[in-house]
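Quick notes on the structure that follows.
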Amino acid sequence: MRTLKSAAVLLIIGALASACSSRSDDASTSQASSVSGRHDRTVVTLRLTRGSSQMERLEQHDVDVAGVDLDADEVDVIVDATELAWLRSAGFEVVREEALPQGAAPEPGYKSPEAIKDLVRGYTARYPSLASSVSLGRSNQGRDIWAVRIGSGPHDPKKPAILFNGMHHARELMTVEVAIDTIETLLGSYGTDPRVTHWIDANEIWVVPMLNVDGSHQVWSGDAFWRKNARGCPASGTCPSRTGVDINRNYAFGWGSCAGSSSSPNADDYRGPSAASEPETQAMMHFVEQTRPVLDISYHSYSELVLYPYGCSGKYAEARGLFEELGAKMAAVLPKDQGTGTYRHGTPWELLYSADGGDIDWMYSEFAVTAFAIELNGSRQGFRPNYADWRTKTVTKLRGAWQLLLDRLDQSGVRGLVHTSSGALVNDARIDLVSATGRQSRRINPDGSFHFLVSPGGYRLEIVRDDGTTRRVETSVNERRVELDIEL
Ligand code: 0X9
Ligand code: ZN
């Protein structure tokens, strides 16, 4: 596939796979040897028959779905010999098979957890007035998870926060590059590019380049297609078993609710023993709770899609209109890697499969974050696109998407601060935004601020403190953001 074009080997499955599946270090972990070790898996491209329930069937059988090519009606899965035999007997049409490049460390250029630590340190050293770093917490194996804050002053509740994060899934190497490019584009052009200068002056921009630091360590130790965190793995070397939790099935919203994850520790979408059981998930949840971003992009790969809540079949977000508007705008500025056309947009269940316990669903439902997941790169490029050919092309095109969100912060919306007559900020309150078409309700942020992204029109704000004190304010929104200072 994709990454491997030059070294691609078409496998004659039966003989070869069984010959290399009996590695002695797998034999000690009974499940790993019966489900499959990392050494005997193959990327198989299947024909997707429209309107059928193939994706659900793959999910029910815990098949590891790597990505889709919706234009070609194909899905790539990573399977062992037993799973491949099941796929054939279940009537799936196999289009291609390719070996995985096990043991191969990522190409030079891609970033390890250590490289991220050094880069983050370098940004804060070189741009002390614009960049600072914070550890969101530590992974299962004790690695720091770094965030870079980009802003031209101290925290200011008047300035919206926005979040960009990479690598929930360890094998999705290019997601880190996009996050790193975001940091470098912003820091490198402050004071020279007026748009960049404005974004940094007007907002608090947070970038978490690599959430899954332990999984990344697995990938750099030679397990090229490791996806999950490293729960249950030894601290060094690769993991002899396939345990590990899919961080993007572990968030505390709708956890395990719609067959959009697996209860089996060996499955690549294992949801973990309980909601938010994982330190990586907890770190991100705690961070979002503190910073309350208005917008978020979580980068994944691959499939060339812009996704938004919710992950469970049939379920749309209350703010569906806003998600569709912004999703369509971002997709339109993202041309596909191959051929013609642009990324598609929709919910995960419309375009891929049902997914529960995902980050964007949690961010949106818990803190009304307008949160997207972007699946970068096409299936020819896959999880590890050739760095020289694809790094620049990919990060450059993604600038169109994240910059569009930065611009959106200035556009139609209502931002404000709530304070008492003595000037103390109020955060023990709810705020509702009411229009002719409905009501959005949320808690005031810890710093006394609130921010609604809306379309132009007339709105009423209703603020109710926990002690019952109430205030109503009428406002009219046009193309620009309205700023309010509300005394209560
Ligand atoms: O399955 C996922 O987690 C993402 N696809 S991937 O192939 N990169 O694994 C889709 C995430 C959709 N987002 C949420 N439901 N949160
Ligand atoms: Zn992913």
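The values are calculated or read from the model by the stated rules, or taken from the named source; none is laboratory data. None of the values given here were measured: they were computed from a predicted structure. Every residue, glycine as well, gets a Cβ built from its backbone with ideal geometry; the counts of neighbours run over all protein chains shown. The protein model used for the area step is the full one, side chains on, heavy atoms only, and it has no ligands, DNA or RNA in it. Shrake-Rupley method; radii C 1.70, N 1.55, O 1.52, S 1.80 Å.
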Exactly one of (1) within 22 Å of A319 (Cβ to Cβ); (2) open to solvent by 10 Å² or more (accessible area, probe 1.4 Å); (3) away from ligand 2 (no atom under 16 Å from the Cβ); (4) in a strand (DSSP E or B) is unmet by E375. Its number?
(3)
Out of R391, R384, sole residue that is within 15 Å of ligand 2 (Cβ to nearest atom) and either within 29 Å of P446 (Cα to Cα) or touching a residue at least 24 places away in the same chain (Cβ under 8 Å) (or both):
R384
Go through L163, L186, L136 for me and flag whichever is buried (at least 18 other Cβ atoms within 10 Å of the Cβ) and over 19 Å from D359 (Cα atoms).
L186
Candidate set from region 349-365 (those that are closer than 12 Å to V288 by Cβ and in contact with a Pro (Cβ under 7 Å, 6 or more places away or on another chain)); member that is nearest to ligand 2 (Cβ to nearest atom):
I360
What number of residues in region 56-76 are at pLDDT 95 or above, within 11 Å of ligand 1 (Cβ to nearest atom) and either of a type in the set (A, V, I, L, M) or in a helix (DSSP H, G or I) (or both)?
4
Single condition S236 does not satisfy, out of (1) closer than 18 Å to A115 by Cβ; (2) within 16 Å of ligand 1 (Cβ to nearest atom); (3) open to solvent by 10 Å² or more (accessible area, probe 1.4 Å)
(2)
Name the residue that is nearest to ligand 2 (Cβ to nearest atom), counting only residues in region 297-326 that are among the small types (G, A, S) and surrounded by 22 or more Cβ atoms within 10 Å (Cβ to Cβ).
S301
Positions within region 260-314 being within 15 Å of ligand 1 (Cβ to nearest atom) and charged (D, E, K, R), in sequence order
D268, D269, R271, E278, E280, D296, E304
Would you mention how many residues in region 48-63 are open to solvent by 60 Å² or more (accessible area, probe 1.4 Å) and of a type outside the set (S, T, N, Q)?
5
Give me the pairs: first residue in region 111-133 and closer than 13 Å to D144 by Cβ and at pLDDT 95 or above, second residue open to solvent by less than 20 Å² (accessible area, probe 1.4 Å) and in a loop (DSSP other than H, G, I, E, B), beta-carbon distance under 6 Å, and six or more apart or on different chains, which are they?
I116/P209; I116/M210
Hits in region 151-172 - residues which are part of a loop (DSSP other than H, G, I, E, B) and within 16 Å of ligand 1 (Cβ to nearest atom):
G166, M167, H168, H169, A170, R171, E172
Do the conditions hold for Q218, that is, is it over 27 Å from A105 (Cβ atoms), of a type in the set (S, T, N, Q) and part of a helix (DSSP H, G or I)?
no
Can you spot a residue in region 277-291 that is open to solvent by 20 Å² or more (accessible area, probe 1.4 Å) and of a type in the set (D, E, K, R)?
yes
Filter region 261-317 down to the residues that are hydroxyl-bearing (S, T, Y), touching a strand residue (DSSP E or B) at 6+ places or on another chain (Cβ under 9 Å) and assigned to a loop (DSSP other than H, G, I, E, B) and list them by number.
S261, S263, S264, Y302, S303, Y308
Of everything in region 83-101 that's out of contact with any Ser or Thr (no Cβ under 7 Å at 6 or more places or on another chain) and open to solvent by 50 Å² or more (accessible area, probe 1.4 Å), which residue is nearest to T342 (Cα to Cα)?
E93
Conditions (1) open to solvent by 40 Å² or more (accessible area, probe 1.4 Å); (2) in contact with a strand residue (DSSP E or B) (Cβ under 9 Å, 6 or more places away or on another chain); (3) within 14 Å of ligand 1 (Cβ to nearest atom); (4) assigned to a helix (DSSP H, G or I): number failed by Y364:
(1)
Any residue at all in region 128-150 that's in a helix (DSSP H, G or I) and closer than 29 Å to D80 by Cα?
no
Return yes when E93 is in contact with a strand residue (DSSP E or B) (Cβ under 9 Å, 6 or more places away or on another chain), among the charged types (D, E, K, R) and within 16 Å of ligand 2 (Cβ to nearest atom) and no when it is not.
no
Please give the number of the condition R171 fails out of (1) open to solvent by 10 Å² or more (accessible area, probe 1.4 Å); (2) at pLDDT 95 or above.
(1)
